[in-house]
Amino acid sequence: NWKTATVLESSIATASAYQYEIIWESEVDIPGLDCYQVKFRAVPSDHDAGVSVPSSPFHVDNNRLPSITVTSPGNWEHFEGSVPVSFRITDPEEDEISLVLQYKLEGSSIWIPAVGLNVNEVFLPSTYVSTITWNSSEDLPGIESMELRIRLGVIDADTVFSEAAGPLSI
């Protein structure tokens with residue numbers, strides 16, 4: 001379905017040059033949408049409809065970024081196996097949010113996706129403040145005590161990570 005676009009004032013083309021720019025206010029027409037298949041076409045407003053050729057598909061990202069804050073664990077807490085991770089998500093569009101947990105060993109700059117996080121659910125606004133459990137033994141089996149940091153990523157149409165929490169002792 002083609003819909004009329006909200007545009008800023010457009011200039012009228014002169015008879016000698018039928019080229020000019022139109023600025024589309026996409027956030028007014030499709031707020032919160034993140035899509036790679038948007039097309040645009042211009043249609044003459046006089047009685048000669050002519051042929052309107054649509055643009056190639058392009059990406060429009062009007063979805064504002066969510067954010068996440070890890071509220072616990074705090075620095076220097078010690079865990080054996082299960083690590084409860086409490087968090088608070090903020091998302092202006094109140095999208096369904098998925099989570100990913102990453103960890104990095106103290107002194108390393110490489111973030112590793114955690115396998116021991118069994119979260120197959122999505123988080124809705126009613127569960128934006130929750131706790132998940134990371135089974136660190138699944139990612140780091142049979143280790144001696146070590147220090148690491150964790151972070152959570154929120155995923156809707158975009159992925160945004162929290163500040164690192166820790167160091168934690170496992």
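Restriction of the GluC sites (Glu not before Pro) in the range 104-149 to DSSP coil positions whose beta-carbon has at most 10 other beta-carbons within 10 angstrom yields Glu144.
Solvent-accessible area per residue in the chain equals 65 Å², computed with a 1.4 angstrom probe and all protein chains kept.
Of the residues Leu140, Val70, His59, the one whose Cα sits farthest toward the positive end of the charge dipole of the range 16-170, with +1 on the Cβ of Lys and Arg and -1 on the Cβ of Asp and Glu, is Leu140.
Approximating the spin labels as points 7 Å out from Cα along Cα→Cβ, the Ser108-to-Thr69 distance works out to 2.9 nm. If you take the square roots of the eigenvalues of the alpha-carbon gyration tensor of the range 113-170 and sort them as a ≥ b ≥ c, do you get rounded (a/c under 1.5), prolate (a/b over b/c) or oblate? Prolate, because a/c is 1.5 or more and a/b exceeds b/c. Cα convex hull, the range 59-141: 126 Å³ per residue, rounded to a whole number.
Report the local net charge at Ser56: Lys and Arg +1, Asp and Glu -1, summed over other residues whose C-beta lies under 15 Å from its C-beta. Net charge around Ser56: +2.
The values are calculated or read from the model by the stated rules, or taken from the named source; none is laboratory data. Just so it is clear, the model here is predicted, and its values are computed rather than measured. Every residue, glycine as well, gets a Cβ built from its backbone with ideal geometry; the counts of neighbours run over all protein chains shown. For accessibility, only protein heavy atoms count, side chains too; no ligands or nucleic acids. Shrake-Rupley method; radii C 1.70, N 1.55, O 1.52, S 1.80 Å.
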